[in-house]
Amino acid sequence: MQPIPIEDPNDPRVAAYRDIRERDLVGREGRFVAEGEVVLRMLAASSRFGTESVLVDGKRLEKLRPILEAFPADTPVYVAGQAVIDAVAGFHLHRGILAIGVRGPEPDARALLAGLQGPQVVLALFGISNHDNMGGLFRNAAAFGAGAVLLDPHCCDPLYRKAIRVSVGHALTMPFARLGEGEDPLALLAEAGFEPLALTPAGATPLAKLRPPPRAAVLLGTEGQGLPPEVIARCTPVAIPMAEGVDSLNVAVTAGIVLHHLRFGG
């Protein structure tokens, strides 16, 4: 690793890092931003995602050297002062650690499910639009040993910078696939031998009484609207009992409770 000093925020070599927040909103043409030490370590270890370059605060270079040396030798590592990094990013970046990841081909949902052998739990997400929730869902999926995450076409991007950060990097390690428009997720799950469990406050089966099936798919919808009724009608509807006057939980919290029950509480 040969660090490359950057002294000018307008240096074209760091153009991919410029105005991060604004460019996050319009996409990055097959790339994504990784932020922070933990996420950088996971990106270095990833077999699915490549790395275009790294930009770090020079004061952090020696501490990060073991991680940086895990990247391919030809990965540019740019080093700058905090003021330069802030000027490039467009805001104060107190972590001082960024990388540009490369997405690569999207996996096929059918092939992903077919590759999961034996007892498994997967998450199937419908219309999740909040990046904090998406990151929390991926973190919980990893924590409780889910085999994969399926996203419907209306879910937000798990590789959005904030979603990756909230997931503590697990958006880079958890296998996931996005369904195409018109693709039937329940048919795919049935084909792979997964029993669909729809989480809904009106669920007929309390979670504590649910006997975990060998291959379970946990279906979760966006907060407020929840799962579409036509989806619930094709599943086993499951509810988490709550205190009187409370009718719902944060979707990531719901996922954590259900995944724990399926993996360890049955």
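Taken together, the residues in segment 223-251 that are at pLDDT 90 or above and in contact with a Phe, Trp or Tyr (Cβ under 9 Å, 6 or more places away or on another chain) amount to 3.
Count of segment 202-227 residues, restricted to those that are outside any strand (DSSP E or B) and surrounded by 15 or more Cβ atoms within 10 Å (Cβ to Cβ), is 7.
Take the conditions assigned to a loop (DSSP other than H, G, I, E, B) and in contact (Cβ under 8 Å) with a residue 60 or more places away in the chain and apply them to V168. Does it pass?
Numbers: assigned to a loop (DSSP other than H, G, I, E, B): yes; in contact (Cβ under 8 Å) with a residue 60 or more places away in the chain: yes.
Answer is yes for this residue.
Residue-level analysis places V56 outside the set of residues that are within 28 Å of R13 (Cβ to Cβ), in contact with a Pro (Cβ under 6 Å, 6 or more places away or on another chain) and surrounded by 15 or more Cβ atoms within 10 Å (Cβ to Cβ). Of the residues making up segment 188-196, one or more are without any contact (Cβ under 8 Å) to a residue 24 or more places away in the chain, surrounded by fewer than 15 Cβ atoms within 10 Å (Cβ to Cβ) and in the same structural domain as P237 (by TED's automatic domain parsing).
Residues that are part of a helix (DSSP H, G or I), touching a strand residue (DSSP E or B) at 6+ places or on another chain (Cβ under 9 Å), within 30 Å of L98 (Cα to Cα) and in contact (Cβ under 8 Å) with a residue 24 or more places away in the chain: does segment 154-161 have at least one? Please lay out each step first, then the result.
Within segment 154-161, the subset part of a helix (DSSP H, G or I) is 161.
If we keep only those that are touching a strand residue (DSSP E or B) at 6+ places or on another chain (Cβ under 9 Å) as well, we get 161.
Right, trim to within 30 Å of L98 (Cα to Cα) and you get 161.
From what's left, in contact (Cβ under 8 Å) with a residue 24 or more places away in the chain: 161.
Yes, there is a match, as at least one residue in segment 154-161 is part of a helix (DSSP H, G or I), touching a strand residue (DSSP E or B) at 6+ places or on another chain (Cβ under 9 Å), within 30 Å of L98 (Cα to Cα) and in contact (Cβ under 8 Å) with a residue 24 or more places away in the chain.
Of the candidates A16, A44, the single residue that is part of a helix (DSSP H, G or I), at pLDDT below 95 and crowded, with 16+ Cβ neighbours inside 10 Å is A16.
Evaluation of R21 against the conditions (1) assigned to a helix (DSSP H, G or I); (2) within 22 Å of A163 (Cα to Cα); (3) at pLDDT 95 or above shows that the sole unmet condition is (3).
Can you name every residue in segment 47-90 that is in a strand (DSSP E or B) and of a type in the set (A, V, I, L, M)?
Here is the first cut: in segment 47-90, the ones in a strand (DSSP E or B) are 50-57, 77-80.
V54, L55, V56, V77, V79, A80 - these are the residues of segment 47-90 that are in a strand (DSSP E or B) and of a type in the set (A, V, I, L, M).
The values are calculated or read from the model by the stated rules, or taken from the named source; none is laboratory data. Because the structure is a prediction, the values reported are computed rather than measured. Cβ coordinates were reconstructed from backbone atoms using ideal geometry, including for glycine residues, and neighbour counts include every protein chain displayed.
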